[in-house]
1. Just from its helices, what would the mean residue ellipticity at 222 nm be for the protein assembly as shown, if runs of 4 or more DSSP H residues each count -39500 (n - 2.57) and the sum is divided by every residue, rounded to the nearest 500 deg cm²/dmol?
2. Based on the Cβ-Cβ distance of A:LEU50 and A:GLU291, what FRET efficiency does E = 1/(1 + (r/R0)^6) give at R0 = 25 Å, to the nearest 0.05?
3. Using a Förster distance of 51 angstrom, determine the FRET efficiency expected from the C-beta separation of A:SER299 and B:ASP274, and round it to 0.05.
4. Taking a threshold of 25 Å on the Cα-Cα distance, which of the pairs A:LYS181/B:LYS129; A:LYS96/B:LYS129; B:LYS46/B:LYS247; B:LYS97/B:LYS146 fall above it?
5. Could you name the lysines whose alpha carbon sits less than 24 Å from that of B:LYS243, not counting residues in the same chain fewer than 8 places away?
6. Nearest 10 degrees is fine. How inclined is helix A:114-128 to the longest principal axis of chain A, computing both from alpha carbons?
7. Stretch B:ILE210-B:LYS284 to full length: gain in nm at 0.36 nm per residue minus the Cα-Cα span?
8. Tell me, what are the semi-axes, in whole angstrom and largest first, of the equivalent ellipsoid of the protein assembly as shown as set by the roots of 5 times the Cα gyration tensor eigenvalues?
Number of protein chains: 2
Amino acid sequence: MATIIAPKEFSPIEDAENIKKACLGWGTDERALISILGHRNANQRKLIGLAYEEVYQEDLIQQLKCELSGDFERAICHWTLDPADRDAVLSNAALKKDVPDYRLIIEIACIGSPEELLAVRRAYRHRYKHSIEEDVAAYTTGDIRKVLLAVVSAYRYDGYEFDTQMADSEAVILHEEIQEKAYNHEELIRILSTRSKAQLKGTFNRYRDIHGTSITKGLLGDPTDHYLAALRTTIRCIRDPLKYYAKVLRTAINTVGTDEDALSRVIITRAEKDLKDIMKIYFKRNNVTLENAIERDTSGDYKAFLLALLGKDEL
Amino acid sequence: MATIIAPKEFSPIEDAENIKKACLGWGTDERALISILGHRNANQRKLIGLAYEEVYQEDLIQQLKCELSGDFERAICHWTLDPADRDAVLSNAALKKDVPDYRLIIEIACIGSPEELLAVRRAYRHRYKHSIEEDVAAYTTGDIRKVLLAVVSAYRYDGYEFDTQMADSEAVILHEEIQEKAYNHEELIRILSTRSKAQLKGTFNRYRDIHGTSITKGLLGDPTDHYLAALRTTIRCIRDPLKYYAKVLRTAINTVGTDEDALSRVIITRAEKDLKDIMKIYFKRNNVTLENAIERDTSGDYKAFLLALLGKDEL
């Protein structure tokens, strides 16, 4: 379930005018921006952006960038973007880091539906005049490149059918490669990147039935081995996205100084989808609610904005 | 330019009725089928199929399959399919051959626009409950699998921009791998499968400028090496699809006994697109028109049907 609270009735023009008002004069009225944009769904934000452009001949995101700064600026700008375009922007930034953030790429490639991934690829091409796989190939190397290229190019079958015989035989293939520590053998990547999610969940379950241990356990090893970590991330994103996101939030919050990029990303990308469910899992594992953790670890407008997306306005 | 001649005005119901009439009674009136279906474009054929289903509660393709046989049956059924669905059917058949026909897969992956390839992938998933990349991975192995998976999963940028510096540097990378006969190095596949076609054409031209020879020449070698042949096919399909198709036609016609599958495929898939241009290239290279070659090498309804698609009805 979603967390954001958006009104059914709203006026894009009025919102655009109020945003403009909040930006005019000395200083910006950040709280006004939060009270508007923090309570509009993707479609409503899109209409506001169009209205803003129409009335003021200015790009809303550019305007926000000029007025704001820091984590709050990044968060509210990402939030205001169209979801597929936002994922394209996040992917591009992740690739251009000194050490590319392969987790984010896998997350975008493996959690959304096949059609959602296509929409991101389309948005990426439109914005950067490159395909996403082109940039993945250019910014990464070695085994990690193989797995990233495979998952980002996938257009999986998304039916619910599941072939038990195939699950059995592929559980065996996976186990063999893992036993031999032949992680970079092609079969592992082939299976993880081409099979449907329903099929893979079946295969992961058969793996556990046959071998008495989860497949991710078999892929533990040197903690600095990014390739193994990428395989584990792929499996986790397919097996249980909610649990995966709860873990990303936990790591982001427990990082010294907080990893605001990761924190914002999960909240922004899931607030309209399943953040309520992720919050439940977070609470179960950490004995503290996500709201409390955010209240403790963040501050100012950034905090107020995240809480608004969580459906918990500060008043 | 297209070759088929389709009327602007037509009635799907009337066509469906006439097709039914041609199928009723003893024997089938193949010439009537040709005179209808051989003169309808993709959209018209779709409407006829819908009308047929509506009026007779029967699938038009199934009906044709029951009535006809041999090369003519295969050709007219493929022709009647929606183009993306037809490419999905052709790909699936190509993969399931004893020796998978990698050329057809590359052709479909590299010649259509990125959106056309997506439509084929979507049709494939819908029809076979598997993604095309899943079946490519399952039915092929080794280096050829790498190149097929990469091109079939691509969603290339399709703008006309072209980066001269990148063309220079990638021409050098390609030449190095080719010189060292390190064909299966990742760079070659990465460049061929991720860069936009405009960029690749630029890179191939720079390759020729710098090294005085075409890139495909560097990839000649053992004629039984399917992997090298796949790389050459990829390059040819990107560099000059018309010339590529003219070559496929030449080979199909020159094969002892004629390769009807390849002959039908090119004519059916290009009759509504650019077959007229392919025919010009064919004539230039072979000193015989494609019509004459077909008249000499084929017979019966199959011949009549191919000629109808070429815009040359036998009367």
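The values are calculated or read from the model by the stated rules, or taken from the named source; none is laboratory data. Everything numeric here is computed off the predicted structure, so don't read it as measured data. Glycine gets a Cβ as well: all are built from the backbone with ideal geometry, and neighbour counts include every protein chain shown. We work out accessible area using only protein heavy atoms, side chains counted, and drop any ligands, DNA or RNA first. Shrake-Rupley method; radii C 1.70, N 1.55, O 1.52, S 1.80 Å.
1. On the way: 40 runs with 452 residues, N = 630.
Calculated at 222 nm, the ellipticity per residue is -22000 deg cm²/dmol.
2. Details: r = 33 Å, r/R0 = 1.30.
For R0 = 25 Å, the calculated efficiency reads 0.15.
3. Working: r = 63 Å, r/R0 = 1.23.
E between A:SER299 and B:ASP274, to the nearest 0.05, is 0.25.
4. Values: A:LYS181/B:LYS129 32 Å; A:LYS96/B:LYS129 36 Å; B:LYS46/B:LYS247 30 Å; B:LYS97/B:LYS146 19 Å.
In this structure, A:LYS181/B:LYS129; A:LYS96/B:LYS129; B:LYS46/B:LYS247 exceed 25 Å between Cα atoms.
5. Reachable lysines: B:LYS197, B:LYS201, B:LYS217, B:LYS273, B:LYS276, B:LYS280, B:LYS284, B:LYS303, B:LYS312.
6. Here the helix axis deviates by roughly 60 degrees.
7. Values: separation 74, 0.36 × 74 = 26.64 nm, distance 2.92 nm.
Taking B:ILE210 through B:LYS284 to full extension adds about 23.7 nm, to one decimal.
8. Details: eigenvalues 484, 177, 134 Å².
Output for the protein assembly as shown: semi-axes of 49, 30, 26 Å.
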